[in-house]
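Presented below is the structure to which this report refers.
The values are calculated or read from the model by the stated rules, or taken from the named source; none is laboratory data. Note that this is a predicted model, so its numbers are computed, not measured. Quick reminder, even Gly has a Cβ in these numbers, built from the backbone with ideal geometry, and neighbours come from all protein chains shown. SASA here: full protein model, heavy atoms, side chains in, ligands and nucleic acids out. Shrake-Rupley method; radii C 1.70, N 1.55, O 1.52, S 1.80 Å.
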Amino acid sequence: MTKTKLRIFSYEPNPRIFKSTITARICDIPIEVRGAKPKELKNWLWDFDARPMNEDDLKDQKKHIQEAKAGYQGELYKTEAFLSAHPYGTVPAAFSPDGAIGVFESNSIMRAVARLDKSNSGLYGHDPYSASRIDGFLDTALLFARESQVYLLALMADKLNEKVYYDTERALTNWLSGIESALTNNDFICGDALTLADICFCCELLLLQSEYQWSESITEIGGNLLSSTEIEVRFPRSLNHYKKLSERTDFAPDIKNHQAKIKSGQKIYD
Ligand SMILES: N[C@@H](CCC(=O)N[C@@H](CS)C(=O)NCC(=O)O)C(=O)O
């Protein structure tokens, strides 16, 4: 059996995990993803050996109860080992195969997969300069990702307000203006080949589309879907790039299925 090179624990489906699964598919790196729907993770033990707990386990593991901090409400069961590997106590949470090293933040989990690549794929650049340029795009994506997380969590909690909506819109505009400019004379964000910058871009835009599930709440505050046709007009190269990436055989297994669920009106997060 092929040995897993990285274990990821997360709520599912999570487009931010697709950053790693797409990278692993391209580089042929065996990784393991375990998790369940966001609500179900409340009854999981958050650990390197993350697992669902039955009634008896829940009593036994009481010592691990922690107040949720970000996104979750109430209590979560996080072991000391989990908190030592993951000082922010969040998911997605990745681990080295022996569980000794925790890797957090979805962009860095994706970077870990790319660093394990021995195939010279160039996904993480070919030299310190090209790799750092990719990092720049990942960092700017994170600025947007921070706002989109606040936005989606507000929608989920039925607490969207104008401030959250317009902060996210501004962050989206700023992020896409750089992508649009980078794509002016290039087929990919960092030049003529696919890199982590494209993978991150595609997955973050897909995550934003989860907003479809709460269209009514957005209309109620006088807004429009942020990922709607309006951005196709303002950022045509970016949206065209997104569509082309989604169709690729190495992206489609994650992206297409998720897009189909969103478009069919299925509730991704309930
Ligand atoms: N930027 C982080 C966000 C991680 C994050 O905030 N995760 C939340 C769920 S959305 C969490 O694990 N919360 C645990 C808690 O509430 O204690 C990433 O993409 O990895």
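Scan the stretch 168-201 residue by residue and report those that are over 18 Å from Asn120 (Cα atoms) and assigned to a loop (DSSP other than H, G, I, E, B). Across the stretch 168-201, the qualifying residues are Leu183, Thr184, Asn185, Asn186, Asp187, Ile189. With respect to (1) among the aliphatic types (A, V, I, L, M); (2) within 13 Å of the ligand (Cβ to nearest atom); (3) part of a loop (DSSP other than H, G, I, E, B), the lone exception for Ile8 is condition (3).
Comparison of Leu239, Leu206 shows that the only residue that is in a helix (DSSP H, G or I), buried (at least 22 other Cβ atoms within 10 Å of the Cβ) and among the aliphatic types (A, V, I, L, M) is Leu206. The requirement of being within 12 Å of the ligand (Cβ to nearest atom), farther than 23 Å from Leu152 by Cα and of a type in the set (Phe, Trp, Tyr) is satisfied by Tyr77. Return yes when Asn120 is open to solvent by 40 Å² or more (accessible area, probe 1.4 Å) and at positive phi and no when it is not. Yes; evaluated as a whole, the condition is true for this residue. Pull up the stretch 62-74, narrow it to residues that are within 24 Å of Ile101 (Cα to Cα) and more than 8 Å from the ligand (Cβ to nearest atom), then point me to the one that is most open to solvent (accessible area, probe 1.4 Å). Taking the candidates together, the pick is Lys63. Only residues that are within 16 Å of the ligand (Cβ to nearest atom), open to solvent by less than 60 Å² (accessible area, probe 1.4 Å) and in contact (Cβ under 8 Å) with a residue 24 or more places away in the chain were counted across the stretch 87-113, and they come to 14. Filtering Lys261, Lys256 for residues that are open to solvent by less than 90 Å² (accessible area, probe 1.4 Å), of a type in the set (D, E, K, R), farther than 28 Å from Leu123 by Cα and at pLDDT 90 or above leaves a single hit, Lys261.
Cβ separations smaller than 9 Å between residues 6+ apart or across chains give the following pairs from the stretch 23-44 residues that are of a type in the set (S, T, N, Q) to residues that are in a strand (DSSP E or B) and open to solvent by less than 20 Å² (accessible area, probe 1.4 Å): Asn43/Ala36. Just one of the listed residues (Asp135, Asp167, Asp187, Asp158) is surrounded by fewer than 13 Cβ atoms within 10 Å (Cβ to Cβ) and more than 19 Å from Phe251 (Cα to Cα), namely Asp158. For the structure I just gave you, tell me whether Arg51 is open to solvent by 20 Å² or more (accessible area, probe 1.4 Å), more than 9 Å from the ligand (Cβ to nearest atom), modelled with pLDDT of 95 or more and touching a Leu at 6+ places or on another chain (Cβ under 7 Å). Against the criterion (open to solvent by 20 Å² or more (accessible area, probe 1.4 Å), more than 9 Å from the ligand (Cβ to nearest atom), modelled with pLDDT of 95 or more and touching a Leu at 6+ places or on another chain (Cβ under 7 Å)), Arg51 qualifies.
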